[in-house]
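The values are calculated or read from the model by the stated rules, or taken from the named source; none is laboratory data. For clarity, every value in this text was computed on a predicted model and none was experimentally measured. Reconstructed Cβ throughout: ideal geometry from the backbone, glycine too, with neighbour counts over all protein chains shown.
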Amino acid sequence: MADEEDFVEDEAVEGEEGAEGAPKSKKLLIIIIAAVVLLGGGAGAFFFLKGGDAKADVKKEAVVLPPIYVNLDPPFVVNFEAEAAVRFLQVTVSVMTREPHVEEILKKNDPRIRNDLLMLLGSQKYDTISNREGKEKLQADSLEAVRAVVKSAGGEPEKIEALYFTAFVMQ
């Protein structure tokens, strides 16, 4: 009989372990699933938000500063030869940049810029600058002259975007 009681107690103990074993494995399974969901959600949120920041960086790079126009006053007045007659040229010039530090370089180097442009303008021929192509070439040469002064002053010449003749009078 003692053997039967031991056998019955062993079965009861095994039954209790079996009954407890099932809930423990279900709890463990739930914990694993919850951990996977949380980690997956966290990773997804990380990549989603990181992607948003990358888009914001692109937008920041795409922001273009407004143009800054530096007028080179007073107007340039030069005389030049045209078929044995003395002619005069009066040009008003504006330089365009988008960088405030380049604007400062332009203002600080105004005498050098004016000198180089006066030399360039005074060396022109009437026939050359009396047509549109000649004026456009003079404009491009003037832009390069200004960029050369900015470069020699330690600035970034590519930050000078354009040079405009806002008045162009020949007599």
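Results, tabulated for the structure shown:
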{"quantity": "Subset tally (residues that are farther than 19 Å from Thr92 by Cβ and free of Cβ contacts under 8 Å to residues at least 24 places away in the same chain) for segment 121-138", "calculated": "3"}
{"quantity": "Flag if Gln124 is assigned by TED's automatic domain parsing to the domain that holds Ala85, modelled with pLDDT under 95 and not hydrophobic (A, V, I, L, M, F, W, C)", "calculated": "yes"}
{"quantity": "Segment 103-147, residues that are aliphatic (A, V, I, L, M) and closer than 15 Å to Val78 by Cβ", "calculated": "Ile113, Leu117, Leu118, Met119, Leu120, Leu121, Ile129, Leu138, Ala145"}
